[in-house]
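Q: One structure is given below, represented as structure tokens, and several questions about it will come after.
The values are calculated or read from the model by the stated rules, or taken from the named source; none is laboratory data. Quantities reported herein were computed from a predicted structural model and do not represent experimental measurements. Every residue, glycine among them, receives a Cβ derived from its backbone with ideal geometry; neighbour counts consider all protein chains shown. When the accessible area is computed, the model is the full protein with side chains, heavy atoms only, and any ligands, DNA or RNA have been set aside. Shrake-Rupley method; radii C 1.70, N 1.55, O 1.52, S 1.80 Å.
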Amino acid sequence: MTPTRQVLEVWGDLACYSRPELKVERFSYPCITPSAARGIFDAIYAKPAEFRWQVTAVELLAPPAYIALRRNEVKEKVNLHAVADWMAGKREPEPIWADGDRDLLGTDEKGRTQRQTLALKNVRYRLHAEIRPWPEHRGRQAALEAQFRRRAERGKCFYQPFFGCREMPAFFKLAEPSSEPRPVPLDLDLGLMLYDVFDLSRPGTAHDAPAVSLFRASLQGGVLHVPDYASPEVLKTAGGPA
């Protein structure tokens, strides 16, 4: 069964789609990445064992406008194995300290640092995507699409969708492919853009290693056309999926 295109109109006050080559300071792409767009669809409806989302196009409904932010960020990362132990009651949770004195931290070094973020403001997009069931679930295409539309029409989501950073919420509504307003008339070469950080060729697990992919992106008339993940236009990391 041929997938039916599912369309969302999404908007928000702030967005940041960090370029992977910048390790410390965050500098956003001028347009949402396929990975961030897929994350919005996943937040509304996801069954990773049954299907994946394939983003096909992004329509830019507001011109890109940047805003400079300075934020306090913690230096440490949460250890996933420690979280599993906390949830299982095997040991007491240990917080990540952002600040404190020597008696609390055992050092004079702060647990936080200030980082510059060049983010986007007042963003609005129309996102196009298709449900791609895994082989054993292809007979459920229509049912999966109907469940997504019911959830999107009612504003339901598993968690609040966001634009790149969780503190930058995304709001959404179900739309149609030929909806108004029209995309902004903008042609722009975006260079190599992050496609995704997971292997989308198979069902994933929580223990999978990252599998970064890139593609040559450009806005044409305010529209970003996204190639299929299996396309040779998508560049995968060495040792990743073909």
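Q: Determine which member of the set 166, 124, 132, 140 is over 26 Å from residue 181 (Cβ atoms), open to solvent by 70 Å² or more (accessible area, probe 1.4 Å), of a type in the set (D, E, K, R) and not in a helix (DSSP H, G or I).
A: Going through 166, 124, 132, 140 in turn, the sole match is 166.
Q: How many of the residues making up segment 59-85 are among the hydroxyl-bearing types (Ser, Thr, Tyr) and not in a strand (DSSP E or B)?
A: Total satisfying the criteria: 0.
Q: Among the residues of segment 142-168, which ones are of a type outside the set (A, V, I, L, M, F, W, C) and more than 15 Å from residue 8 (Cα to Cα)?
A: 159, 164, 166, 167, listed by residue number.
Q: Residue 21 fails exactly one of the following numbered conditions: (1) farther than 19 Å from residue 150 by Cα; (2) open to solvent by 10 Å² or more (accessible area, probe 1.4 Å); (3) modelled with pLDDT of 95 or more. What is the number of that condition?
A: That leaves (3) as the condition not met.
Q: Restricted to segment 34-58, and to residues that are outside any strand (DSSP E or B), in contact with a strand residue (DSSP E or B) (Cβ under 7 Å, 6 or more places away or on another chain) and open to solvent by 10 Å² or more (accessible area, probe 1.4 Å), which residue is farthest from residue 184 (Cα to Cα)?
A: 50
Q: Which count do you get for residues in segment 92-114 that are open to solvent by less than 100 Å² (accessible area, probe 1.4 Å) and at pLDDT 80 or above?
A: 1
Q: Which count do you get for residues in segment 185-235 that are of a type in the set (D, E, K, R), in a strand (DSSP E or B) and surrounded by fewer than 18 Cβ atoms within 10 Å (Cβ to Cβ)?
A: The qualifying residues number 2.
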